[in-house]
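Report on the structure given below.
The values are calculated or read from the model by the stated rules, or taken from the named source; none is laboratory data. Because the structure is predicted, anything quoted here is derived from the model rather than measured. No Cβ is skipped: glycine too gets one built from the backbone with ideal geometry, and neighbour counts run over all protein chains shown. Each accessible area value is taken on the protein alone, full model and side chains, heavy atoms only, with ligands, DNA and RNA left out. Shrake-Rupley method; radii C 1.70, N 1.55, O 1.52, S 1.80 Å.
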Amino acid sequence: MPYTVPQLTDFSAAALDDAVRELLAALEQESAAVGSETDWKVFRDRWIARKNGIFTQLNELWLKAAPGPKKRDVGQRVNDLKPKVEQAVNAAYARLVGGALFKGRSVGRARVPARTREVARDSAQDRAQDSAPDSARIIAVPNPNESERLDITLPGIRRPIGAEHPVIKTMNEMIGVFRNLGYSVEEGPEIETDFYNFEALNFPPNHPARDTQDTLFIAGQESKPLRDRLLLRTHTSPVQIRTMQKMKPPVRVVCPGKVHRNDALDATHSPIFHQIEGLAVDTNITFCDLKGTLDHAMKAMFGSSVKTRFYPSFFPFTEPSADVQISCIFCDGKGVRDGAPCRNCKASGWIELLGCGMVDPNVYGFVDYDASKVSGFAFGMGVERIAILKYGVDDIQNFFQGDVRFLEQFL
């Protein structure tokens, strides 16, 4: 009968020795029976297959089953068996390939791995030495080509990876722009509390502005106070609050990351998207600093000819607030392209891109900043929206569908 790994109940040294001898005897017998490449593959998989090979079964039936005081002894024996099993598998293949070469069969030398040829040569030398009398044993002489042998301690060859995803590529470019301005990068959890996502950002309970960020709450939290309930963050602004709680001014950070909103899927909306938000807090920061920062960032992203304009808006956590538009990069702000109205800017010559404003003094109260001594600005932009403009993508869903034909365009 073919060898099967026994379930041990006796873990004494004598019992373990008997079990090891039985296994090695079976290994030798099955190795000797390998007569073809098909036989060898069956032999290899039977003994060293990762999921159900005999050696894998040793861990399950011997090592894991061993009582605590015996695990070390059993583990040592299992470790000692591993190279013997691997050596037997390699030797069987070397013997098989060597025979095929000698007989002129179809197994070409070019197909034999270098390590296998070494095993075949070393095994032949070992057998020759073992069969010779002691007085005639060959004394090992260093190989003059030893330095040319493969150094298995060298690092492996790095596998090539695919193209950087257009969203990640765009995010990294945007981060790079603000890094060059002296901003650091901060990240935070995607699952946030109501306090960080809304309350600390001047969204009090039942405030109508919460409706603009329809929220995905974690289920089963009705018994918790509202400020402690968990939700999927709707913006990366909570990272700004966490940063101000642990840092005193001056603060200059950008906060990239994934956000979630209960939005219906269409060409311009997704329930999952990415944002980059920024925060600068120091003494004597004004709206002029905000305008200069964003104007420089937009020119860095879209070219020095791009113009920016600001117009009033509303966000609970900034006052005053503004939306930012850039001159259309498709029609150069003319509103007309190829003799027809520009579809990208709806013939207006401007494209709305992000929101911003001066930090509302109420927000400083949640982070123990003195609103009479410091001021600051914040801004936020969607990464996908910028990627759509940069790469001429007409549907935001293309970024999330994993279609290789689409992603190959960015190689």
Kindly list, by first and then second residue, each pair from a residue in segment 23-39 that is small (Gly, Ala, Ser) to a residue that is not in a helix (DSSP H, G or I), limited to pairs with Cβ atoms under 6 Å and residues at least 6 apart or on different chains. Ala26/Tyr3
Of everything in segment 272-295, what is more than 17 Å from Trp350 (Cα to Cα), in contact (Cβ under 8 Å) with a residue 24 or more places away in the chain and over 28 Å from the mean Cα position of the chain (by Cα)? Give them in sequence order. Ala280, Val281, Asp282, Thr283, Asn284, Ile285, Thr286, Phe287, Asp289, Leu290, Thr293
Out of segment 42-82, which residues are open to solvent by 80 Å² or more (accessible area, probe 1.4 Å), in a helix (DSSP H, G or I), of a type outside the set (A, V, I, L, M, F, W, C) and over 21 Å from Thr9 (Cβ atoms)? Asn79, Lys82
Among the residues of segment 254-271, is any farther than 28 Å from Gln401 by Cα and in contact (Cβ under 8 Å) with a residue 24 or more places away in the chain? no
Inspect all residues belonging to segment 31-41 and state whether any of them is open to solvent by 80 Å² or more (accessible area, probe 1.4 Å) and either within 43 Å of the chain's Cα centre (by Cα) or β-branched (Val, Ile, Thr) (or both). yes
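Restrict the check to segment 227-241 and report whether at least one residue is more than 26 Å from the chain's Cα centre (by Cα) and under 19 Å from Thr318 (Cβ atoms). Spell out the reasoning first.
Of segment 227-241, the ones more than 26 Å from the chain's Cα centre (by Cα) are 227-229, 241.
After this cut, where a residue has to be under 19 Å from Thr318 (Cβ atoms) as well, the list is 241.
Among the residues of segment 227-241, at least one is more than 26 Å from the chain's Cα centre (by Cα) and under 19 Å from Thr318 (Cβ atoms), which makes the answer yes.
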Ser372 versus (1) under 20 Å from Ile175 (Cα atoms); (2) surrounded by fewer than 16 Cβ atoms within 10 Å (Cβ to Cβ); (3) at pLDDT 90 or above; (4) not acidic (Asp, Glu): which is the lone unmet condition? (1)
Segment 383-400, subset out of contact with any helix residue (DSSP H, G or I) (no Cβ under 7 Å at 6 or more places or on another chain) and either crowded, with 20+ Cβ neighbours inside 10 Å or of a type in the set (Asp, Glu) (or both), residue farthest from Val306 (Cα to Cα): Asp395
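Could you please find all residues in segment 377-393 being over 25 Å from the mean Cα position of the chain (by Cα) and on the phi < 0 side of the Ramachandran plot? Lay out the reasoning, then the answer.
Residues of segment 377-393 that are over 25 Å from the mean Cα position of the chain (by Cα), as a first pass: 377-379, 389, 392.
Across segment 377-393, the qualifying residues are Phe377, Ala378, Phe379, Leu389.
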What pairs come up if the first residue lies in segment 82-97 and is closer than 14 Å to Val34 by Cα and aromatic (Phe, Trp, Tyr), the second is open to solvent by 40 Å² or more (accessible area, probe 1.4 Å) and part of a helix (DSSP H, G or I), and their beta carbons are under 9 Å apart, counting only those six or more places apart or on different chains? Tyr93/Glu37; Tyr93/Arg44
Breaking point among (1) surrounded by 12 or more Cβ atoms within 10 Å (Cβ to Cβ); (2) among the charged types (D, E, K, R); (3) farther than 11 Å from Ala92 by Cβ, for Asp17: (1)
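Being at pLDDT 95 or above, closer than 26 Å to Thr308 by Cβ and either among the hydrophobic types (A, V, I, L, M, F, W, C) or open to solvent by 10 Å² or more (accessible area, probe 1.4 Å) (or both) is the requirement here; does Ala347 meet it? Before you say what the answer is, go through the steps one by one.
Details: at pLDDT 95 or above: no; closer than 26 Å to Thr308 by Cβ: yes; either among the hydrophobic types (A, V, I, L, M, F, W, C) or open to solvent by 10 Å² or more (accessible area, probe 1.4 Å) (or both): yes.
When the stated conditions are applied, Ala347 does not pass them.
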Of all residues making up segment 389-410, the number that are assigned to a helix (DSSP H, G or I) and without any contact (Cβ under 8 Å) to a residue 40 or more places away in the chain: 5
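Please pick out the residue among Asp332, Asp323, Asp403 that is over 33 Å from the mean Cα position of the chain (by Cα), over 22 Å from Pro256 (Cα atoms) and surrounded by fewer than 19 Cβ atoms within 10 Å (Cβ to Cβ).
Working: Asp323 fails: over 22 Å from Pro256 (Cα atoms); Asp403 fails: over 33 Å from the mean Cα position of the chain (by Cα).
Answer to the check: Asp332.
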Filter segment 232-267 for residues that are open to solvent by less than 40 Å² (accessible area, probe 1.4 Å) and in a loop (DSSP other than H, G, I, E, B); the one that is farthest from Val383 (Cα to Cα) is Arg233
Within segment 184-197, restricting attention to residues that are under 18 Å from Val251 (Cβ atoms) and touching a helix residue (DSSP H, G or I) at 6+ places or on another chain (Cβ under 8 Å), which residue is most open to solvent (accessible area, probe 1.4 Å)? Glu187
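Tell me yes or no: at least one residue of segment 198-207 is touching a residue at least 12 places away in the same chain (Cβ under 8 Å), of a type in the set (A, V, I, L, M), buried (at least 17 other Cβ atoms within 10 Å of the Cβ) and within 22 Å of His260 (Cβ to Cβ). Spell out the reasoning first.
Here is the first cut: in segment 198-207, the residues touching a residue at least 12 places away in the same chain (Cβ under 8 Å) are 198-203, 205, 207.
So of that shortlist, the ones also of a type in the set (A, V, I, L, M) come out as 200-201.
Those left that are additionally buried (at least 17 other Cβ atoms within 10 Å of the Cβ): 200-201.
So of that shortlist, the ones also within 22 Å of His260 (Cβ to Cβ) come out as 200-201.
Within segment 198-207 (the criterion being touching a residue at least 12 places away in the same chain (Cβ under 8 Å), of a type in the set (A, V, I, L, M), buried (at least 17 other Cβ atoms within 10 Å of the Cβ) and within 22 Å of His260 (Cβ to Cβ)), the answer is yes, since at least one residue qualifies.
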How about segment 7-23: which of its residues are over 19 Å from Arg72 (Cα atoms) and either under 43 Å from the mean Cα position of the chain (by Cα) or polar (S, T, N, Q) (or both)? Leu23
